[in-house]
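Inspection log for the structure reproduced underneath, given as C-alpha cells.
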Amino acid sequence: MEYTYEQYQESARALADRLGGFRPRVLLILGSGLGSLGEAVADPIAVPYDQVPHMKRSTAPDHAGRFVFGRLAGREVAVMQGRLHTYEGWSFEDVTYPVRVLRLLGAETLVVTNAAGAVNTAFSAGDIMLITDHIKLFGMSPLRGPNLDEFGPRFPDVSHVYTPALQAVARQTAAELSIPLREGVYMFFPGPQYETPAEVRAARALGADAVGMSTVPEAIVAAHCGMAVLGFTLCTNMAAGVLDQPLSSDEVLAAAAEAGPRFAALVKGCLSRL
C-alpha cells in the first residue's frame, strides 16, 4: 500500500494529541526478545499501534505492539516494543510507516535493534554486532512508488545508511562499559522461514556477518528522510548450517533474555551520548 503525505500527517497529529507537549528526539526500535528495554522508560506514555491511524499491528511472538514515549538515559524517546515485518503480510510501506510518522513528530535519530543468526564463523551466540552496512536483495524497495518530496529525494545516496559518527559513539561506549562489540554487515531475508544452509553460505560469500528478517527497510526509510541511524544486532544463534542443530524461536528468545542486561546497558550508554 502506498501512503500519502497527508496520511502520515494524520497519524503524527493523533500521536501529538496523546503526547501533549512531549516530542521524541530518538526513535528506538526493539527487536525480538529485547522489548524489556521499553519498561525502563521514565514517565511513560504507552500507545498501542492499533490506536494510531493507518498503522498496522504487530503479530510477531514476544512483540508487545506499542509505542512507549518518555525519557530514557536522559533523552526524549519513542520506543517501539515490537516492530512490523513483511512476513506478517505487511508491505514494506506498512513496515516503515512509523519511521516517517515519528520523523514528523521531531525524531532526528533512529536506533534500531534486532535478533539475528550469525553467519560469520568467528562469531558466537550472544555476541552483539554493530551494523556497519547491510545487504538487501529481496523484495521491492520501501521507497518505491511516487516519491514524497517532503521526506527526501527520489534517488537517495545510501553510502552511509548507518551514520559513521554514531558508530564511533557505539565503539567508545562499548569500550567504556567493557562490553565486547563485534562489527559487521547485516543481510535482510524476508522469512518467516529461517535461511537454508545454502542461503547462509551465499550470504557469507556476499560479505554478510549476520542474517535476519528486519531492520533494513526501516533504516533505508530513516536515511531517506534525513535521520541519523545506529544499528545493533544481537546474534542469538548461529545461522543454519554453521552448527549441526535445528533452529527455533525459543532459542532466539532465550539468548535475547540472557544478553538483555548488557545489551540494554550498551543502548542506554549510547543514548546518553547522543
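The values are calculated or read from the model by the stated rules, or taken from the named source; none is laboratory data. Note that the structure is a prediction, hence the values are computed from the model and not measured. Glycine also receives a Cβ, built like all others from the backbone with ideal geometry; neighbour counts cover every protein chain displayed.
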Restricting the stretch 71-96 to residues that are surrounded by fewer than 22 Cβ atoms within 10 Å (Cβ to Cβ) and among the basic types (Lys, Arg), the residue that is farthest from Pro44 (Cα to Cα) = Arg75
Residues in the stretch 262-270: is at least one at pLDDT 95 or above, farther than 29 Å from Tyr97 by Cβ and over 17 Å from the mean Cα position of the chain (by Cα)?
-> yes
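Yes or no: Ala125 assigned to a loop (DSSP other than H, G, I, E, B), small (Gly, Ala, Ser) and either closer than 21 Å to Ala202 by Cα or in contact with a helix residue (DSSP H, G or I) (Cβ under 6 Å, 6 or more places away or on another chain) (or both)?
Details: assigned to a loop (DSSP other than H, G, I, E, B): yes; small (Gly, Ala, Ser): yes; either closer than 21 Å to Ala202 by Cα or in contact with a helix residue (DSSP H, G or I) (Cβ under 6 Å, 6 or more places away or on another chain) (or both): yes.
Here the answer is yes, as Ala125 does meet what is asked.
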Sole exception among (1) within 24 Å of Leu274 (Cβ to Cβ); (2) surrounded by 16 or more Cβ atoms within 10 Å (Cβ to Cβ) for Ala14, by number | (1)
What is the number of the single condition among (1) part of a helix (DSSP H, G or I); (2) buried (at least 17 other Cβ atoms within 10 Å of the Cβ); (3) at pLDDT below 95 that Glu195 does not meet?
-> (1)
What single numbered condition from (1) modelled with pLDDT under 95; (2) in a helix (DSSP H, G or I); (3) surrounded by 15 or more Cβ atoms within 10 Å (Cβ to Cβ) fails to hold for Asp50?
-> (3)
Does the stretch 103-122 include one or more residues that are at pLDDT below 95, surrounded by fewer than 21 Cβ atoms within 10 Å (Cβ to Cβ) and among the small types (Gly, Ala, Ser)?
-> yes
Looking at (1) assigned to a helix (DSSP H, G or I); (2) under 22 Å from Leu266 (Cα atoms), find the lone condition where Arg201 falls short.
-> (2)
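Can you tell me which residue is nearest to Ala228 (Cα to Cα) among those in the stretch 120-165 that are among the basic types (Lys, Arg) and out of contact with any strand residue (DSSP E or B) (no Cβ under 6 Å at 6 or more places or on another chain)?
Going through the stretch 120-165, the residues among the basic types (Lys, Arg) turn out to be 136, 144, 154.
The next check asks that each one be out of contact with any strand residue (DSSP E or B) (no Cβ under 6 Å at 6 or more places or on another chain); those that pass are 144, 154.
Working: Arg144: 21, Arg154: 18 Å.
Checked the stretch 120-165; the qualifying residue nearest to Ala228 (Cα to Cα) is Arg154.
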Using beta carbons and a limit of 9 Å, which pairs, at least six apart or on different chains, have the first residue in the stretch 141-163 and surrounded by fewer than 10 Cβ atoms within 10 Å (Cβ to Cβ) and the second one of a type in the set (Phe, Trp, Tyr)?
-> Asp149/Tyr5
